[in-house]
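What follows draws every value from the coordinates through simple rules; no lab data is involved. Fair warning: this is a prediction, and the values are worked out from it, not measured in the lab. Cβ sites come from the backbone with ideal geometry, for glycine too, and all protein chains shown count toward neighbours.
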Amino acid sequence: MNRIEIAPKFNHIAIQTDDVDSTIRWYRDFLGATVEWKLDTFSPLTLERLPGIRELVELKAGEVRFHVFDRIDHSRSGPTPLDYQFQHLGLEVGEASHLVELRERWLRVRESNEGIRWNREEPPSEIVVDPDGMQSLYVLDPNGLEIEFIYFPKAKA
């Protein structure tokens, strides 16, 4: 039997929100994301899968694409911690100092963006160093979605 080789490549993460503009502002101010495109007309399949979708915006930060969308009658609640869900998104950074900068930037953006409504009132984590040297920083976006920034130390020669 012939085997078809399939090698998926990551394309985007979709973020359902009740405030597209606020979410765009945060990703722009925190990660330097840019708006790549916007949609307000959708296929029958999209309308079936996401009833009430009104707007979809693609943001790009580095090589990561975020599809931000809203829906009429959003519940404004998320899954409970024990529900099935994607628990967090992990993004790798190239230098340990980037974690420090991201933590400081998160605090600055949180303090300066009064127009952004936050669904959870949690500060970023401290930077955690694992026994193998891997370092992590956890932050929440305004929708309460958790993002882990990870630094992997270079192998010693």
How big is the gap, in Å, between the Cα center of segment 34-85 and the Cα center of segment 95-113?
-> 25 Å
Projected label distance in nm at residue 87 and residue 46, using a 7 Å step from Cα toward the beta-carbon = 3.2 nm
In Å and whole numbers, how far do the C-alpha atoms of segment 1-101 stretch along each principal axis, longest first?
-> 51, 42, 35
For the chain, built as a Gaussian network whose Cα springs stay under 10 Å, the top-fluctuating residue of 46, 34, 80 = 80
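Just from its helices, what would the mean residue ellipticity at 222 nm be for the chain, if runs of 4 or more DSSP H residues each count -39500 (n - 2.57) and the sum is divided by every residue, rounded to the nearest 500 deg cm²/dmol?
Numbers: 3 runs with 35 residues, N = 157.
Dividing the helical sum by the residues of the chain leaves -7000 deg cm²/dmol.
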Taking 7 Å along the Cα-to-C-beta vector as the label spot, tell me the residue 111-residue 63 distance in nanometres, rounded to one decimal.
-> 3.4 nm
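Take every DSSP beta bridge whose two residues both sit in segment 1-72, then give the antiparallel share in percent to the nearest 5. Can you show the working numbers first?
Details: 13 of 18 bridges.
Around 70 percent of the beta bridges assigned by DSSP in segment 1-72 are antiparallel ones.
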Using only alpha carbon pairs under 8 Å that are at least six residues apart, calculate the relative contact order of the chain and give it in whole percent.
-> 22 percent
Viscosity 1.002 mPa s, 20 °C: Kirkwood-radius Stokes-Einstein D of segment 43-114 over Cα pairs, µm²/s = 135 µm²/s
